[in-house]
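**Student:** Before anything else, here's the structure in question.
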Amino acid sequence: MQDEIILETRALTKEFKGFVAVSKVDLKVRRGTIHALIGPNGAGKTTCFNLLTKFLTPTSGQILFEGQDITAETPAHIARRGVIRSFQISSVFPHLTVLENVRVALQRKLGTSFFFWRSEHSLDALNEQALALLREVDLEPYAALTAVELSYGRKRALEIATTLAMAPKLMLLDEPTQGMGIEDVDRIRALIKKVAADRTVLMVEHNMSVVSSIADTITVLQRGATLAEGPYEEVSRNPAVVEAYMGSTEAELQGAHG
């Protein structure tokens, strides 16, 4: 059914001075699922994300969100619709507390972020909501710490909490486990699974063990075009995908469940 599709692209294309970075990509993200976008370096994954959030303007093609054509909309309009992106580089405020970081995100959602003349105590009403979000990402015990004191993995968890504060209908996660040790990867993997229980997630991710264990659908890009799409078991056995990942990642593709 069409209303199951929360995000759709039709022949989405982006050219840079004759170089085709994204070529006629047809993407369908089902509501309530985790959809992973994977591919070798230079496959066009981040460009695709930038097109979806309108950080880049498509050369041609369409983007539809909840059945509405949003191709010509600004990044702010798209965010107001509930398409919220968490960035590859941690984007929390390092010298605010963990609680304050989430509170700032809640203010953005309320449209009160520029009311600097208000008493700080007027924001206390947001504390309960902020603590509930921290509870959801297992950070409530760290609420009073400044963000700079958190481990890298917990900083990423805080970033997911600030993304959740924006009440996303669709969360775009850009390399959520990049640069993490095994313990942090496992924590973030479990966290994404948890927050996706009643939300839709589209993620770019290199870590095949993460993708294989939590993604419902995987789209493989190569040279900007869709190479394969389907559940992990199907995609990982596709000869074209295995060939695209020749080398160490081939072993990852075959052995990610091991």
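The values are calculated or read from the model by the stated rules, or taken from the named source; none is laboratory data. Since the structure is predicted, the reported quantities are computational estimates derived from the model, not experimental observations. Because the Cβ atoms are built from the backbone with ideal geometry, glycine has one as well, and the counts that use them run over all protein chains shown. Please note that ligands, DNA and RNA were not included when accessible areas were found on the heavy atoms of the full protein model with its side chains. Shrake-Rupley method; radii C 1.70, N 1.55, O 1.52, S 1.80 Å.
**Student:** Taking every DSSP beta bridge that has both residues in the chain, what percent is antiparallel when rounded to the nearest 5?
**Tutor:** Beta bridges within the chain, antiparallel portion: roughly 55 percent.
**Student:** When the helices in the chain are scored as -39500 (n - 2.57) per DSSP H run of 4 or longer and the sum is shared across all residues, what 222 nm value do you end up with, to the nearest 500 deg cm²/dmol?
**Tutor:** -10000 deg cm²/dmol
**Student:** Sticking with this structure for a sec: Give me the accessible area per residue for the chain, probe 1.4 Å, as a whole number in Å².
**Tutor:** Values: 12400 Å² over 258 residues.
I get 48 Å² per residue for this part.
**Student:** Could you calculate the contour length gain from THR53 to LEU145, that is, 0.36 nm times the residue separation minus the distance between their Cα atoms, to one decimal place in nm?
**Tutor:** 30.0 nm
**Student:** What length, rounded to one decimal in nm, is gained on full extension from ARG30 through to TYR152, with 0.36 nm per residue of separation minus their alpha-carbon distance?
**Tutor:** Using 0.36 nm per residue and subtracting the Cα-Cα distance, I get 40.9 nm.
**Student:** For the chain, what % of the accessible area comes from carbon and sulfur atoms, probe 1.4 Å?
**Tutor:** 54 percent
**Student:** Compute the distance in nm between two label points, each set 7 Å from the Cα along the Cα-to-Cβ direction, one at ARG237 and one at LYS194.
**Tutor:** Placing both labels 7 Å along Cα→Cβ, they lie 3.4 nm apart.
**Student:** Scan around VAL22 for amide H atoms under 5 Å from its own, H built in the peptide plane at 1.01 Å from N, and keep only partners 5 or more places away or cross-chain.
**Tutor:** Those qualifying (amide H under 5 Å, at least 5 residues apart or on another chain) are LYS14.
**Student:** Most fluctuating residue of ALA225, ALA125, ALA43 in a GNM of the chain with Cα springs under 10 Å: which is it?
**Tutor:** Of ALA225, ALA125, ALA43, the Gaussian network model singles out ALA125 as fluctuating most.
**Student:** Further question on the same structure: Would you list, by chain and number, the lysines whose Cα falls below 29 Å from the Cα of LYS193, excluding same-chain residues fewer than 8 positions away?
**Tutor:** Cα-Cα hits under 29 Å: LYS28, LYS45, LYS54, LYS109, LYS155, LYS169.
**Student:** Same structure again: Given contacts defined as C-alpha pairs under 8 Å and at least six residues apart, what's the relative contact order of the chain, whole-number percent?
**Tutor:** That works out to 26 percent.
**Student:** In whole Å, what are the extents of the chain along the principal axes defined by its C-alpha atoms, from largest to smallest?
**Tutor:** 59, 43, 38
**Student:** So, one more: With a 10 Å cut-off between alpha carbons and a GNM built on the chain, which of LEU96, LEU164, LEU12 moves the most?
**Tutor:** Residue with maximal mean-square fluctuation among LEU96, LEU164, LEU12: LEU96.
**Student:** May I pose another question? With springs only between Cα atoms under 10 Å, which of ILE70, ILE182, ILE218 fluctuates most in a Gaussian network model of the chain?
**Tutor:** ILE182
**Student:** Which cross-chain or sequence-distant (5 or more) residues have an amide H under 5 Å from the amide H of ARG85, H modelled 1.01 Å from N in plane?
**Tutor:** LEU172
**Student:** Another question, then. Using θ = phi - 60° and the Karplus curve 6.51 cos²θ - 1.76 cosθ + 1.60, what whole-Hz ³J(HN,Hα) does each residue of the range 55-71 get, with Gly and Pro shown as x?
**Tutor:** 6, 10, 9, x, 6, 7, x, 10, 10, 10, 10, 6, x, 9, 6, 10, 4
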